[in-house]
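The values are calculated or read from the model by the stated rules, or taken from the named source; none is laboratory data. Because the structure is a prediction, the values reported are computed rather than measured. Cβ sites come from the backbone with ideal geometry, for glycine too, and all protein chains shown count toward neighbours.
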Amino acid sequence: MDYSLLWLDWKKRDDLPPWTGRIVGDPVSLQGKAAMRELREGFRELGAADTAGRPCLRLEETSGDGENFCLRREGESLILSGPGRGLLYGVFALLRQLALGEEILPGTSAPAWPIRMLDHWDNADGSIERGYAGASFFFSEGKPVCNARTRDYARLLASVGLNGCCVNNVNVKGEALELLTGKYDRELREIGETLGEYGVSLWICVSFAAPMEQGGLPTADPLDPKVRRWWQETCGRLFRAVPGLAGFLVKADSEGRPGPQTYGRSQAEGANMLAEAVRPYGGGILWRCFVYNCTQDWRDQKTDRARAQYDTFAPLDGQFGENVYLQIKNGPVDFQIREPVSPLLVRLERTKSIVEFQLAQEYTGQQRHVCYLAPMMKEVLDFAGPGGKVKDRISAVCAVSNTGADFNWTGHDLAAANFYAFGRLAWDLDSDPTVLAREWTRLTFGDDPKAVETVTDILLRSREVYERYTVPLGIGWMCVPGTHYGPSPEGYEYDRWGTYHRATHREIGVERGPSGTGYSEQYGPELGRMYGEIGTCPEELLLFFHRLPYNYRMKDGRTLLQRIYDDHFEGCAAAEAMAEAWDALEGLVPEAVFRRVQERFREQVRSAREWRDVINSWLYRLTLIPDERGRSIWL
Ligand code: GCV
């Protein structure tokens, strides 16, 4: 096998309860059968002794299509009941708990949301946009592929409770345009069936201009009857040919992609037209809200990209069909290491929404730096807006996948913790990122106390460390344009993307309070005031919301500039310390993993030093204010 099994590589235990000696039950659904297979295989790997008598574990399949499962005791035996998909989740939960040596308690479990999925930005040629773990395993040389890895990926998804997967890039191009036309129905059907066996629905991205690109029509206007008919006929054929298909994910009017705005139509008119076409087949439309002006003139100080999604979509609240989900990135701009929570996530009253995270570490070290994202995801889900918390207002969750065809799936071995934690959080939104980090570490590396402590500690510190040596206090975007790796403090400054910090020798930041772009007001009066006033704005977001002089005094008395200098020195030193901590694990984790991660840490430390020196020197050159502690800054 040319890939690892990640956390599904069950390790032998000698403390298994007696009911692991015998498995009883005869599930009939595909997922129920998969559950039984996983159980038998898992018990074997965990080292369960085969006993012919009682007690036992009994699988009872109930009718229906739900995802819940229930565990109860009958004497010394254990009964796991639920519909087929529920059995599957229950089996994986049991195996996990046994592998962790946890006590198995009776009770029920059900997922927090009905859609919990990963989005792939895989292109048909096998490349992955913002992919940092090798080539695609869904596409090769222009064609979709389905093989043993597809199945093992489905197992990984199901094992953490995920139930959806969108296989191609939102920027639909090349042969991926043909996914709609019938040319790849067979391959899609195979993928759909393979994923479906593990309860995972197949989604695909489509181009809004498909009626022109594939259908030969002169327009893609969503109100044009011929366009509507084209979509209806296309969906009729496609959904019948690919029964596992759950719907479409659409990036429209975004970064050059076609969309309804071209025809003077609203986002709702565009989304609803597609929603009608997929509705007869139970399909859904995931409609991305990443709509902003990407051809801004940097001299234009009025336009604020952070405002764009709310300004476009909030007025349309209530106008979307019931099978449309607005897909909203966690922050208002684009997956930076620190952004406020997107106000759209807490202000839609009559529209379904799906929050989008990015496990692919585009702006968070590209899986060369360790950056455990679960604390950030949890912060977003727990964020309380005027009408309640994000987790109570959204209807679904998704994340851009960080997987590829590398042996370890995620490039950096420790990045698999993000995949694991995302799934576990998506099932149980009250999961604790600290617990998840430890769980993942133990399932992956076993129970050596030093290895468990060290890896868990690295994961838990990693986000803050990364934040400190890269971009300060929520300002974002000081990365190299295009690749988004490494420092370039003015790389995006005179460009068209709307991502400016407008630093001069006196001040830095864009004012987003009421005296500036007014972005803070999108949160409603109370939160708006909190963010809009400098004194109450959380310090970690100070430069996202405010333009400030370098001698502004932070709460601890340091100047803003000194805080930035300190963060860069300390963040870099912390990265060096994490690398040293990893070095001490030689012999305690598998040799190949040790070497791979050590290699990544070397690059992380090199890059952290570069970030420290480039950002500090740039600010020193602008301000000529020295570091109060006299450390080296290059002029
Ligand atoms: C898939 C950012 C990335 C793009 C990505 C886009 C999106 O701009 O840099 O690569 O495109 O987000 O989310 O659509």
- [ ] Give just the number: which of (1) over 26 Å from the mean Cα position of the chain (by Cα); (2) crowded, with 23+ Cβ neighbours inside 10 Å; (3) of a type in the set (Val, Ile, Thr) does Thr499 not satisfy?
- [x] (1)
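Can you tell me which residue within the stretch 90-114, out of those that are hydrophobic (A, V, I, L, M, F, W, C) and over 17 Å from Arg155 (Cα atoms), is surrounded by the fewest Cβ atoms within 10 Å (Cβ to Cβ)?
By that ranking, first place goes to Leu105.
Let's see how each residue does on (1) at pLDDT below 95; (2) assigned to a helix (DSSP H, G or I):
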site: Glu467; (1), (2): no, yes
site: Pro472; (1), (2): yes, no
site: Tyr500; (1), (2): no, no
site: Arg512; (1), (2): no, no
site: Arg529; (1), (2): no, yes
- [ ] Say whether the condition of being in contact with a Lys or Arg (Cβ under 8 Å, 6 or more places away or on another chain), outside any helix (DSSP H, G or I), within 16 Å of the ligand (Cβ to nearest atom) and among the small types (Gly, Ala, Ser) is met by at least one residue in the stretch 132-150.
- [x] no
Task: Residue list for the stretch 97-119, restricted to those being within 18 Å of Phe69 (Cα to Cα) and either under 26 Å from the mean Cα position of the chain (by Cα) or among the hydroxyl-bearing types (Ser, Thr, Tyr) (or both) - done: Gln97, Thr108, Ser109, Ala110, Pro111, Ala112, Trp113, Pro114, Ile115, Arg116
- [ ] Select the helices (runs of 4 or more DSSP H) contained entirely in the stretch 159-269, then report the ones holding at least 2 residues which are more than 16 Å from the ligand (Cβ to nearest atom), within 25 Å of the chain's Cα centre (by Cα) and modelled with pLDDT of 95 or more.
- [x] 185-196
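Working only within the stretch 115-131, note down all residues that are at positive phi and away from the ligand (no atom under 14 Å from the Cβ).
Here is the first cut: in the stretch 115-131, the residues at positive phi are 126, 130.
Gly126 - this is the single residue of the stretch 115-131 that is at positive phi and away from the ligand (no atom under 14 Å from the Cβ).
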- [ ] Tell me, please, whether a residue that is within 16 Å of the ligand (Cβ to nearest atom), over 18 Å from Arg424 (Cβ atoms) and either buried (at least 24 other Cβ atoms within 10 Å of the Cβ) or of a type in the set (A, V, I, L, M) (or both) can be found in the stretch 369-377.
- [x] no
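Taking the condition of being hydrophobic (A, V, I, L, M, F, W, C) and closer than 23 Å to Val333 by Cα, how many residues in the stretch 252-299 meet it? Give the steps one after another, and end with the answer.
Of the stretch 252-299, the ones hydrophobic (A, V, I, L, M, F, W, C) are 252, 268, 271, 273-275, 277-278, 285-287, 289-291, 294, 298.
Keeping just the survivors that are closer than 23 Å to Val333 by Cα gives 252, 268, 271, 285-287, 289-291, 294, 298.
Total satisfying the criteria: 11.
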TODO: Please state which of the following conditions Thr434 fails to meet, knowing it meets all the rest: (1) in a loop (DSSP other than H, G, I, E, B); (2) surrounded by fewer than 24 Cβ atoms within 10 Å (Cβ to Cβ); (3) touching a Pro at 6+ places or on another chain (Cβ under 9 Å).
DONE: (1)
Open item on the list: Can you tell me how many residues within the stretch 336-364 are out of contact with any His (no Cβ under 8 Å at 6 or more places or on another chain), of a type outside the set (Gly, Ala, Ser) and assigned to a loop (DSSP other than H, G, I, E, B)?
Closed with: 13
Task: Unmet requirement for Gly535, which otherwise passes all of (1) touching a residue at least 24 places away in the same chain (Cβ under 8 Å); (2) assigned to a loop (DSSP other than H, G, I, E, B) - done: (1)
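Among the listed residues Phe290, Phe320, which satisfies the condition of being in contact with a helix residue (DSSP H, G or I) (Cβ under 8 Å, 6 or more places away or on another chain), outside any strand (DSSP E or B), away from the ligand (no atom under 16 Å from the Cβ) and not small (Gly, Ala, Ser)? Walk me through it before giving the result.
Values: Phe290 fails: away from the ligand (no atom under 16 Å from the Cβ).
Selected residue: Phe320, the only one of Phe290, Phe320 that is in contact with a helix residue (DSSP H, G or I) (Cβ under 8 Å, 6 or more places away or on another chain), outside any strand (DSSP E or B), away from the ligand (no atom under 16 Å from the Cβ) and not small (Gly, Ala, Ser).
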